[in-house]
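The values are calculated or read from the model by the stated rules, or taken from the named source; none is laboratory data. These numbers come from a predicted model, not from an experiment. All Cβ positions, glycine included, derive from the backbone under ideal geometry; neighbour counts span all protein chains shown. Just the protein is used for accessible areas: all its heavy atoms, side chains included, with ligands, DNA and RNA removed. Shrake-Rupley method; radii C 1.70, N 1.55, O 1.52, S 1.80 Å.
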Amino acid sequence: MSPDARHVATTAYVNGKKLLTILALGPKTVPAHSFNLPGTWDLLWYRWAGNDRILVSVGHAQMFDGDEVYVTRLV
């Protein structure tokens, strides 16, 4: 839940793909935003960083110098 309690961040699965969804709370709770991840990126975690910002960690496996490594990014 956002610090001002006006939005909730949650995950949803659509066609087997994990999405980050922001719900606007009020008399009618409706999805305000929904975010797809590109390619093979995985949603790892998310945290509120104020009322209108969310930190999102994503990751995926890729080859590096002949070895497979798991790479993460903070968005």
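For this structure, a couple of remarks:
- Here the label points at Ala61 and Thr10, each 7 Å from Cα along the C-beta direction, are separated by 3.1 nm in the simple model.
- Amide proton proximity set for His7, modelled H, under 5 Å, gap of 5+: Ser2, Leu25
- Note on Asp65: accessible area approximately 140 square angstrom, rounded to 10, probe 1.4 Å, nucleic acids and ligands left out.
- Measuring nothing but protein heavy atoms, the accessible surface of the chain at 1.4 Å probe radius is 55 percent carbon and sulfur.
- Computed extension length for Val30-Asn51: 5.8 nm, one decimal, from 0.36 nm per residue of separation with the Cα-Cα distance subtracted.
- The percentage of C-alpha pairs in the chain whose separation is greater than 16 Å is 56%.
- Under the Karplus curve 6.51 cos²θ - 1.76 cosθ + 1.60, θ = phi - 60°, whole-Hz ³J(HN,Hα) for region 44-55, x wherever Gly or Pro sits: 9, 7, 8, 9, 6, 10, x, 6, 10, 9, 10, 8
- Low-density loop cleavage sites - trypsin sites (Lys or Arg not before Pro) in region 22-75, where at most 16 other Cβ are within 10 Å (DSSP): Lys28, Arg53
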